[in-house]
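Since every read-out is calculated from the coordinates, none of them should be taken as a lab result. Quick caveat: nothing in here was measured; it's all calculated off a predicted structure. Note that each Cβ is placed from the backbone with ideal geometry, even for glycine, and that neighbours are counted across all protein chains shown.
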Amino acid sequence: YKVLLYTWGVDVGLQDQVRIIAGTSSGLVRLYFIFLAAVLAPLVEELVFRGLLFPVLLQRLPLWAALTVVSTLFALMHFHVPSMAPLFVLSFAFCLAYLATGTLWVPIVMHGVFNLSTVAVLYLLP
């Protein structure tokens, strides 16, 4: 996917938020970003996308369409073209986890683990 974007001349650099997070050296600021990424963002985003939007769309659209709309909006909301396809797939997985379990806690935890692992990589790699 990134090779294709590169071929089309799309900058495949990091999201602005990722650059900010990676550029911090203060331990307290890092803890703040970890909290935001691993707890607050997953909680809010999952409540909005899987807790509110997805069930409403499921009442009005076939399953495949509801999955596609929610996942597209989730990817677009991050405002980063190189991340859109991976975020679409991630959102699709969150929706399926919600459907399979009937609880929002599963996609919230999945989302938190994903974000935490991303932040950990940023802080651990040079």
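Within the range 1-113, considering only helices (runs of 4 or more DSSP H) that don't extend past its boundaries, which have at least 1 residues that are surrounded by 13 or more Cβ atoms within 10 Å (Cβ to Cβ), hydroxyl-bearing (Ser, Thr, Tyr) and without any contact (Cβ under 8 Å) to a residue 24 or more places away in the chain? Can you show your working first?
Values: elements: 2-7, 16-22, 27-35, 41-46, 54-60, 63-77, 81-101.
Counting at least 1 such residues, we get 27-35, 63-77.
Applying the selection to the range 114-126, what residues are among the hydrophobic types (A, V, I, L, M, F, W, C) and surrounded by 14 or more Cβ atoms within 10 Å (Cβ to Cβ)? Break it down into steps so the answer makes sense when it comes.
Going residue by residue through the range 114-126, those that are among the hydrophobic types (A, V, I, L, M, F, W, C) are 114, 116, 119-122, 124-125.
Residues satisfying the conditions are Phe114, Leu116, Val119, Leu122.
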